[in-house]
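One structure below.
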Amino acid sequence: GFSQPFSKLGTSPVVELELGYLLPFLDRSFELFASGQYAQPKTDGKNIADPLNRLPGPMSYNLTQQQAIITAGLLYRIPLQIPMFRPYLGLGGRSYLMKTTITGSGGTQPFGENQETMVSWGFYGALGGELHVGPGAVLLEAQIGAAKANGFVLRNTNVSALNIALGYRLFI
């Protein structure tokens, strides 16, 4: 997952499990799905000046955000004359359950560790393709997930990311 195009959060591995139901009409081209993801992007800041001179020196911090992401949506497989390959589009809603942990210091004085939890609601969009092999399909997918975050630690920012997924979709 790449957060950098949207925020100061960094790159993070993303693990995802998806369950879906193929709808019977239009040659089973539509799928209702729900998925769960876990990501843990990080960021840090060094030598940040305090504009009000409240600190005994420049501020530094390390931030880690644990994200449990739940998505529900609709996927449309575009029918082609090649039965082994099907591109698809996906749209849905997404909830981000987050725990942010930050440690920092001002000059030589540590702030200690602070934690914040929050839930944000956003959207999901995907463009991908499936190569049907065996009882399922190998997939390559580009996902965009976006949601605003406005808490005490993360103010007026977002937890949006571009995810590149490579996986196997098993059809039962």
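No value in this document is a laboratory result; all are computed from the given coordinates. Because the structure is a prediction, the values reported are computed rather than measured. For neighbour counting, all protein chains shown are included, and Cβ atoms are generated from backbone atoms with ideal geometry for every residue, glycine included.
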Under-5 Å amide H pairs with Gly136, H placed in peptide plane, nonlocal only: Phe171
Built amide H within the under 5 Å cut-off of Asp50, gap 5+: Met59
Additional length obtainable on full extension of the chain from Phe25 to Lys46, 0.36 nm per residue less Cα span: 1.9 nm
Under 5 Å, built H, 5+ apart or other chain: amide partners of Ser160: Ala147
Using θ = phi - 60° and Karplus 6.51 cos²θ - 1.76 cosθ + 1.60, couplings along the range 155-172 (whole Hz; Gly, Pro as x): 9, 6, 9, 8, 10, 6, 7, 9, 10, 10, 10, 10, x, 10, 9, 9, 9, 10
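What ranking do 137-148, 71-82, 17-28 get when scored by the average of other Cβ atoms within 10 Å per residue, highest first?
With the highest mean Cβ count within 10 Å placed first, the list reads 137-148, 71-82, 17-28.
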Residue-wise HN-Hα coupling along the range 12-25, computed from phi with Karplus coefficients 6.51, -1.76, 1.60 (Hz; x: Gly, Pro): 8, x, 10, 10, 9, 10, 10, 10, x, 10, 6, 7, x, 8
Per-residue HN-Hα couplings for the range 84-90 [Karplus 6.51, -1.76, 1.60; θ = phi - 60°; Hz; x = Gly/Pro]: 7, 10, 9, x, 8, 10, x
√(5λ) per eigenvalue of the Cα gyration tensor, the chain, largest first, Å: 41, 14, 12
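Give the calculated FRET efficiency between Phe111 and Lys148 to the nearest 0.05, with a Förster radius of 30 Å applied to their Cβ-Cβ distance.
Efficiency computed from Cβ-Cβ geometry: 0.75.
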